[in-house]
Amino acid sequence: MTATLTETGSLLVAADAPRPGFVDALRAEWVKLRTVRSTWWTLVATFVLGAGLTILMCWANADWLASAEADESPGSFITWGMMIAQITAVVLGALVVTTEYGTGMIRSTFAAVPHRGRVLAAKSLVLVAVLLVVGTGTALVGYLGGNYFLDREGIGMPLEGDVLRSMYGSGLYLAGIGLFTVAVGFLLRHTAGTISVVLALMLILGNMVNLVPGSFGEWLTKLMPGNAGSVVATPVSFNPNLLDAWTGFAVFGLEIAVLLAAAYVVLRRRDA
């Protein structure tokens with residue numbers, strides 16, 4: 001590295017100091033994510049809710065599901081807890097972004113990595129990788145525990161076909177939710193606001209639009225982010241009128257892409 005010197009020999013400015021690359025940005029975001037205590041508490045909550053509630057629901061309902069009175073499929077329960085665990089994915093996605101705005105650390109982040117799109121991409125990729133692994137692992141543990149009780153009643157489900165798809169589909173869905181929340185976080189820059197908006201879209205409005213009459217209401221229900229994306233995370237949906245698994249996830253992915261594009265535009269134009 002070279003530097004410009006004044007006549008008195010004092011250092012004036014670094015001329016060719018290397019700028020951080022994308023790999024450096026990824027490494028920095030990974031360090032920030034894994035060294036924050038709230039990350040680990042959130043991931044533990046994801047596992048406890050996702051796997052624990054699935055096992056509990058299968059245990060509690062195995063007798064009924066095996067009876068002639070059952071009007072639901074065992075496949076609707078084998079990843080049941082993941083639908084609750086999505087709340088923790090929203091929380092983690094919000095904290096990845098909004099905590100830095102709350103503390104003012106985001107200014108240091110942008111000073112170190114002036115290319116703001118690179119910051120958005122790095123945060124997104126690190127979060128997606130973590131939630132994909134944790135979500136898939138949590139779903140698998142929940143399946144193994146829950147299927148034990150189903151198998152005792154003679155209605156166990158082999159790890160193949162739609163059941164296998166729901167395992168990695170759970171990881172994909174949690175990763176998608178996290179990415180969705182990252183985009184909203186950059187748009188709102190407020191923790192409570194981000195979590196509230198995303199949970200309202202995923203859990204409340206997704207059910208309320210069922211009240212809209214006619215075919216418009218049916219399609220609106222299918223296209224809501226939580227409804228479109230969640231089908232990939234279950235072998236048998238509780239709502240048979242939703243889109244097919246991969247069609248729905250493609251719609252969810254498109255909605256995420258639109259939000260990320262909006263976040264990128266706002267991020268470039270707005271001061272930290």
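The numbers here are math on the coordinates, done by the rules we state, and not lab data. A quick note: this is a predicted structure, and the numbers were derived from the prediction, not measured. Virtual Cβ from ideal backbone geometry, glycine too; neighbours counted across all protein chains shown.
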Cβ-Cβ cut-off under 13 Å around Val130, Lys and Arg +1, Asp and Glu -1: the net charge is +2
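Let me know the shape class of segment 119-240, please: from the alpha-carbon gyration tensor, a ≥ b ≥ c as square roots of the eigenvalues, rounded when a/c is under 1.5, otherwise prolate if a/b is greater than b/c, or oblate.
It is oblate, given that a/c is not under 1.5 and a/b is not larger than b/c.
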Taking r as the C-beta separation of Ala111 and Asn210 and R0 as 45 Å, the FRET efficiency to the nearest 0.05 is 0.40
Once both label points are put 7 Å beyond Cα along the C-beta direction, the Asp271-Asp244 separation in nm becomes 5.2 nm
At R0 = 30 Å the Cβ-Cβ FRET efficiency linking Glu218 and Tyr168, nearest 0.05, sits at 0.55
Helix 161-188 sits off the longest principal axis of the Cα atoms of the chain, rounded to the nearest 10 on a 0 to 90 degree scale, by 40 degrees
Subtracting the Cα-Cα distance of Thr35 and Trp64 from 0.36 nm times their residue separation yields 6.0 nm
If Trp41, Trp80 are placed from fewest to most neighbouring beta carbons inside 10 Å, the sequence is Trp41, Trp80
Sequence order, segment 55-69: Karplus ³J(HN,Hα) from phi using 6.51 cos²θ - 1.76 cosθ + 1.60, θ = phi - 60°, Hz rounded, Gly and Pro as x, gives 4, 5, 5, 5, 4, 6, 10, 4, 4, 5, 4, 7, 8, 6, 7
Ranked on Cβ counts within 10 Å of their own Cβ, fewest leading, Lys32, Lys123 go Lys32, Lys123
Output for segment 186-234 (equivalent-ellipsoid semi-axes, sqrt of 5λ from the C-alpha gyration tensor, Å, descending) is 23, 13, 8
Taking the chain and counting helices only, DSSP H stretches of n ≥ 4 at -39,500 (n - 2.57) each over all residues, the nearest-500 ellipticity at 222 nm comes to -22500 deg cm²/dmol
Per the rule of 0.36 nm per residue minus the C-alpha distance, extending Phe22 to Leu203 adds in nm 61.7 nm
quick shape note, segment 160-224: Cα extents on principal axes in Å, largest first -> 41, 34, 13
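For segment 81-147, would you read off the P(r) tail past 18 Å as a percentage of all alpha carbon pairs? Spell out each step's value before the answer.
Values: 1072 of 2211 pairs.
Considering segment 81-147, 48 percent of its Cα-Cα pairs are separated by more than 18 Å.
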Quick note on Leu187, Leu172, ordering by fewest other C-beta atoms within 10 Å, gives Leu187, Leu172
At the level of C-alpha centres, the distance separating segment 119-184 and segment 243-272, in angstrom, is 20 Å
Scaled by the rule-of-thumb 2.2 N^0.38 Å, the alpha carbon Rg for segment 190-264 gives a ratio of 1.13
Expected max-MSF residue from Ala245, Ala233, Ala129 in the GNM of the chain (alpha carbon, under 10 Å) is Ala129
Residue-ordered couplings for segment 108-117, obtained by feeding phi - 60° into the Karplus form 6.51 cos²θ - 1.76 cosθ + 1.60 and rounding to whole Hz (Gly and Pro as x), are 5, 4, 6, 5, 6, 10, x, 6, 5, x
The ³J(HN,Hα) series, computed from each phi in segment 94-106 with the Karplus coefficients 6.51, -1.76 and 1.60 at θ = phi - 60°, rounded to the nearest Hz and given as x for glycine or proline, is 5, 5, 4, 9, 6, 4, 5, 5, x, 8, x, 5, 4
Mean Cβ-within-10 Å packing, highest first, puts peptides 99-106, 219-226 in the order 219-226, 99-106
Val48 and Val258 label points (each 7 Å along its Cα→Cβ direction) are spaced in nm at 3.7 nm
Cα convex hull volume per residue for segment 41-91, in Å³, equals 56 Å³
